Amino acid sequence: LETLLCYLELHPQQWVELLHPTLSICKLQCYGGPQQLRKITKLCPPVAVALARKRMAGERVESCDALEFDVVELADTMGWQLPLVKRGLRQLQWGSDT
C-alpha cells in the first residue's frame with residue numbers, strides 16, 4: 001500500500017498530495033468567564049464563527065467560558081487562510097485587552 005501511495009504521489013497528474021501535519025483543534029479557556037469569551041468574539045472572527053456554530057447546533061452558549069473547535073475545518077469552510085487564522089488565535093493568549 002505504501003508503494004502504491006508513493007507512485008500516486010509521484011505521478012505527473014499528482015493524484016496524491018502530501019500535506020504538512022498541523023495542529024487542528026483549538027481549545028480556548030476564558031478564565032474571565034462568559035463575558036471574556038463574548039469580548040473575544042468581537043476581536044477574533046474565527047472564535048465568533050465557532051461560537052455561532054455551537055449556538056446554531058442548539059447548544060446554550062450564554063454561560064460558556066470554554067470553546068473547542070477544529071481550526072482547519074473552520075478555516076476551510078469560511079475560505080480563510082489557515083496560517084492567518086492560527087496566528088490570530090495564537091495572539092489571543094498574549095493580548096492584554098482580552
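We did not get these values from a lab; they are worked out from the coordinates using the rules stated. As the structure is a prediction and not an experimental result, all values here were calculated from the model. Cβ atoms come from the backbone with ideal geometry, glycine included; neighbour counts cover every protein chain shown.
Any idea what the relative contact order of the chain is, in percent, if you count C-alpha pairs under 8 Å spaced at least 6 apart?
It rounds to 27 percent for the chain.
Taking only the Cα atoms of the range 22-92, how large is their convex hull per residue, in Å³?
80
Mind putting together the pair-distance distribution for the range 6-52? All Cα pairs, 10 Å bins, whole percent per bin, short to long.
P(r) for the range 6-52, in whole percents per bin: 21, 29, 15, 17, 15, 3.
So between residue 77 and residue 55, what do we pick up on full extension, going 0.36 nm a residue minus the alpha carbon distance?
Contour length minus the Cα-Cα distance gives 6.2 nm.
Which value, in debye to the nearest 20, gives the size of the charge dipole of the chain about its Cα centre, when Lys and Arg are +1 and Asp and Glu are -1 at the Cβ?
Dipole magnitude for the chain comes out near 600 debye.
Within the chain, which is the longest segment that contains none of the GluC sites (Glu not before Pro) sitting in a DSSP loop with at most 14 other Cβ atoms within 10 Å?
My reading of the result: 18-58 is the longest stretch.
Within the chain, which complete DSSP H helices have Cα atoms spanning at least 18 Å along the helix axis and a mean Kyte-Doolittle hydropathy of 1.6 or higher?
Correct list, ordered by number: empty.
Longest span of the chain, sites excluded, free of chymotrypsin sites (Phe, Trp or Tyr not before Pro) in DSSP loop with at most 11 other C-beta atoms within 10 Å?
Segment 32-93 is the longest.
Tell me which of 40, 8, 52 sits at the most positive position along the dipole axis of the chain, charges placed on C-beta atoms (Lys, Arg +1; Asp, Glu -1).
Working it through, the farthest residue towards the positive pole turns out to be 40.
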